[in-house]
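Let me begin by presenting the structure, written as structure tokens, before commenting on it.
The values are calculated or read from the model by the stated rules, or taken from the named source; none is laboratory data. For clarity, every value in this text was computed on a predicted model and none was experimentally measured. Here the Cβ positions follow ideal geometry from the backbone for every residue, glycine too, while neighbour counts run over all protein chains shown. Side chains are part of the model used for accessible areas, which takes the heavy atoms of the whole protein and leaves out ligands, DNA and RNA. Shrake-Rupley method; radii C 1.70, N 1.55, O 1.52, S 1.80 Å.
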Amino acid sequence: MLEIKNLSVFYGRHRAAEDLSITVSQGEIVVILGANGAGKSTFLRAIAGITPYARGGFVSIEGNDISHLPPHEIVEAGIAFVPEGRGIFSDLTVKENLALGANPLRARKKQSENLKRVLKLFPKLAERKGQIVRTMSGGEQQMVAIGRAIMSSPYILMLDEPSLGLSPLLCKEVFQNLMKVREAGLGILLVEQNAKQSLAIADRAYLLENSRIIKEDLASILVDDPAVQKAYLGGNGDETGFKEKLV
Ligand code: ATP
């Protein structure tokens with residue numbers, strides 16, 4: 001389990017994350033919803049060890065305290081991060097990108113096992129092993145990014161807006177892929193502006209507003225919450241049966 005307690009980030013005097021506490025277990029999808037500038041990317045980057053956070057902030061994975069460790073040690077501990085823009089090498093092939101994901105020490109020993117796992121999850125990548133990633137569709141590139149992250153043998157996969165810039169059809173494909181990853185037993189922490197599709201696949205969700213968590217609940221409950229419908233789902237807050245309309 002990934003556990004975060006009281007994590008705060010300051011950019012100068014601006015507090016971009018305020019006392020954030022969440023948990024993510026293996027085998028569940030947790031989504032953090034929030035408007036532009038709410039602090040979603042900041043939060044993920046802090047967990048990944050990229051953005052420093054204030055003293056007192058606590059991060060642990062599988063019971064091991066990994067607070068304030070540098071990014072490569074966070075990956076080594078079992079957290080993989082797919083940043084906005086995917087963080088893949090677009091001039092390299094699918095196979096080369098996947099191999100680079102197996103860099104952590106722990107993952108090197110399990111490289112062939114993890115490769116089998118990725119190709120089983122995403123058979124399309126097996127067919128396209130030699131393809132230069134730049135020439136693939138946005139959805140396929142996101143698949144490479146997720147596959148590459150899985151090659152690091154993580155307990156938890158974190159993704160920053162994986163649906164950004166994709167057509168509705170490709171978005172759907174990405175969210176379906178995340179469900180497959182959950183079935184494989186990984187925990188997923190997802191940051192999204194696409195509330196409709198992310199709530200449809202998530203187990204639990206947190207709402208982030210002005211750097212603070214203002215609400216948390218089961219995704220199946222939040223989807224019917226009038227405030228959530230109004231702020232994130234384009235409703236007027238009095239719909240019923242919204243769930244039925246979800247893809
Ligand atoms: P978006 O959905 O638009 O990406 P977000 O919820 O991910 O937004 P963040 O990118 O985390 O929001 O930004 C939170 C706040 O912190 C914003 O007001 C942003 O301008 C500010 N911010 C982010 N990075 C920095 C930085 N390196 N230096 C100063 N301020 C920053």
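Things worth noting here:
- When DSSP beta bridges are restricted to pairs lying wholly in the chain, around 50% turn out antiparallel.
- Positive-end extreme of charge dipole, the chain - chosen from Tyr232, Gln26, Leu125 (charges on Cβ): Leu125
- Taking the helices alone, the chain has a mean residue ellipticity at 222 nm of -10000 deg cm²/dmol, built from -39,500 (n - 2.57) per DSSP H run of at least 4 residues and averaged over all its residues.
- Percent of alpha-carbon pairs separated by more than 26 Å within segment 1-140: 35
- Evaluated at q = 0.14, 0.15 Å⁻¹, the base-10 log of the normalised Debye intensity for the chain, with identical point scatterers placed on the Cα atoms, takes the values -0.91, -1.04.
- Förster-model FRET efficiency, 35 Å R0, Asn64 and Ser137, C-beta, rounded to 0.05: 0.40
- Given their separation in residues at 0.36 nm each and the Cα-Cα distance between them, Ala54 and His72 gain 4.5 nm when the chain is fully extended.
- For the chain, the carbon plus sulfur part of the accessible surface works out to 51%, probe radius 1.4 Å.
- Choice from Leu92, Leu33, Leu199 showing the highest fluctuation, given a GNM over the chain with Cα pairs closer than 10 Å: Leu92
- Pair Gln111, Ser21: separation of 7 Å Cα→Cβ label points (nm): 4.3
- Within the listed set Ile132, Ile79, Ile88, the residue fluctuating most in the Gaussian network model of the chain (springs between alpha-carbon atoms under 10 angstrom) is Ile132.
- Computed on segment 1-74, with alpha-carbon pairs under 8 angstrom and 6+ residues apart, the relative contact order is 36 percent.
- Backbone N under 13 Å from the Asn210 label point (7 Å along Cα→Cβ), restricted to segment 34-58: 38
- Taken about its Cα centre, segment 1-91 carries a charge dipole of roughly 420 debye when the Cβ of each Lys and Arg holds +1 and the Cβ of each Asp and Glu holds -1.
- Taken about its Cα centre, the chain carries a charge dipole of roughly 820 debye when the Cβ of each Lys and Arg holds +1 and the Cβ of each Asp and Glu holds -1.
- Karplus-derived 3J(HN,Hα) values for segment 152-168, using 6.51 cos²θ - 1.76 cosθ + 1.60 with θ = phi - 60°, are 7, 6, x, 7, 10, 10, 10, 10, 9, 6, x, 8, 4, x, 9, 5, x Hz; glycine and proline are entered as x.
- Student exercise, segment 145-231 dipole from Lys, Arg, Asp, Glu Cβ charges, in Debye to nearest 20: 140
- Average projection area in nm² (convex hull over Cα atoms of segment 86-181, one quarter of hull surface): 5.6
- The mean sequence separation of alpha-carbon pairs under 8 Å and at least six residues apart, normalised by the residue count of the chain, gives a relative contact order of 25 percent.
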